[in-house]
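Enquirer: Can you read through this structure? Questions will come right after.
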Amino acid sequence: MTGAEPCGECGARGCAGLFHGLLALDHSRAQPWGPLHGVSVSCFLLQHPGRLPGDGGAGARGLLRAYLDGGLPAVERLVGRTRRANSHRVPGRPPTGAAVRPGGEAPRGGFAVTIEEVAVDGTFPADGFPERVRAWAAATLAAWGDDGA
Ligand SMILES: [Zn+2]
């Protein structure tokens, strides 16, 4: 990671390469990474507002909130609900009332925890990974102004 420029969005060095490595671990479906895939991706997207889907991050924030409040069971309930809701939506049309506001409320940098901390030495060690992801989620929501109030 040395020598890489800090990311203009999350502030970490080499974040794109780290995210690629994390996705490979997620997709192996191995513990502890696989079950936390949705949480990891939500953190990364919310720290890179330019990559957010059309809901402006509302869905990802909801997922992180659920994870911090109720752990993975809460995330699984939420994901199940979203899948059912999506099946009733007109394909190709974004949900109304959740337009992206570019450069509006999305934070730029200033995250207490980024993927760099979660990766530790770049390999995302299993030991303590869930705790680091939880800290990543909390720091991400805090920067978005959602500290659980
Ligand atoms: Zn970044």
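Readers should treat all values here as calculations from the given coordinates under stated rules, not as data from a laboratory. None of these values were measured; they are calculated from a predicted model. Using ideal geometry, Cβ is built from the backbone for each residue, glycine included, and neighbour counts are taken over all protein chains shown.
Enquirer: How charged is the neighbourhood of residue 51? Take every other residue with its Cβ under 14 Å from the Cβ of residue 51, and add Lys/Arg as +1 and Asp/Glu as -1. Display every interim value, and only then the final one.
Expert: Details: positive: 108; negative: 9, 55.
Neighbourhood net charge equals -1.
Enquirer: For region 7-50, just the Cα atoms, rotate onto the principal axes and tell me the three extents in Å, largest first.
Expert: 31, 17, 13 Å, listed from the longest principal axis down.
Enquirer: If you add up the charges near residue 60, with Lys and Arg at +1 and Asp and Glu at -1, over every other residue whose beta carbon is less than 12 angstrom from its beta carbon, what do you get?
Expert: Summing Lys and Arg as +1 and Asp and Glu as -1 gives +1.
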